[in-house]
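The values are calculated or read from the model by the stated rules, or taken from the named source; none is laboratory data. Everything numeric in this text was worked out from a predicted model, so none of it was measured. So basically every Cβ, Gly included, is an ideal-geometry build from the backbone, and we count neighbours across all protein chains shown. SASA here: full protein model, heavy atoms, side chains in, ligands and nucleic acids out. Shrake-Rupley method; radii C 1.70, N 1.55, O 1.52, S 1.80 Å.
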Amino acid sequence: MKPRLVIVAADFHKKISEEMIRCAKKAAQKRGMEVIDVVKVSGVFDIHLPLQRALARNDVDCAIVLGSVVQGETSHDEIIAYTTAQKVAELSLKYDKPVGYGISGPRMTVAQARQRAKQFAEKSVETVSRML
């Protein structure tokens, strides 16, 4: 049976997230994984609850989270990125299921996020594939 993967993606930067989702689906297919659900949320900080719900499902073997945290005028991007990374790791351990972290940032521009979209998406799929 193919490993079953859920993608949870923040689409605050819609063009970037759509590229990430597309690349992740392609990478999953190449690795013999089945994407059984794609959940889109408004921003990176909103990933936690849908990720928790996905990991609690019996038909889910692993998940990836995708998005980009772009620097603004304050340190808000750092708070969002660090809090999200911590919570994603906690949920992975709680449910004993691998979660690939495909969220770029903090402290980057939109242009940098665009440049890194494919790499972060593909690496997150590679990560869960290797951990299964």
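Numerical summary
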| item | result |
| --- | --- |
| Sites Lys2 and Arg114, calculated FRET efficiency, Cβ-Cβ separation with R0 35 Å, nearest 0.05 | 0.70 |
| Segment 1-79 - accessible surface per residue (Å², probe 1.4 Å) | 54 Å² |
| Of all accessible heavy-atom area on segment 41-132, the percent that carbon and sulfur account for (1.4 Å) | 48 percent |
| Members of Lys26/Lys123; Lys14/Lys97; Lys25/Lys87; Lys25/Lys97; Lys14/Lys87 lying beyond 21 Å, as alpha-carbon distances in this model show | Lys14/Lys97; Lys25/Lys87; Lys14/Lys87 |
| Around Ser17: net Lys/Arg minus Asp/Glu count, Cβ-Cβ under 9 Å | 0 |
| Relative contact order %, the chain, counting alpha carbon pairs below 8 Å whose residues are six or more apart | 31 percent |
| Coil-residue GluC sites (Glu not before Pro) of segment 1-94, DSSP, other Cβ within 10 Å capped at 12 | Glu73 |
| Given (i) -0.62, -0.81; (ii) -0.55, -0.73; (iii) -0.46, -0.61, the label whose value is log10 I(q)/I(0) by the Debye sum over Cα atoms at q = 0.13, 0.15 Å⁻¹ derived from this model | (iii) |
| Where a label projected 7 Å from the Cα of Leu49 along Cα→Cβ would reach, residues of segment 98-117 with amide N under 15 Å | none |
| Simple label model, 7 Å out from Cα along Cβ direction - Lys94 to Ser75, nm | 2.7 nm |
| Share, in percent, of DSSP beta bridges within the chain that are antiparallel, nearest 5 | 0 percent |
| Extension gain, Ile36 back to Arg22 (0.36 nm per residue minus Cα-Cα distance, nm) | 3.6 nm |
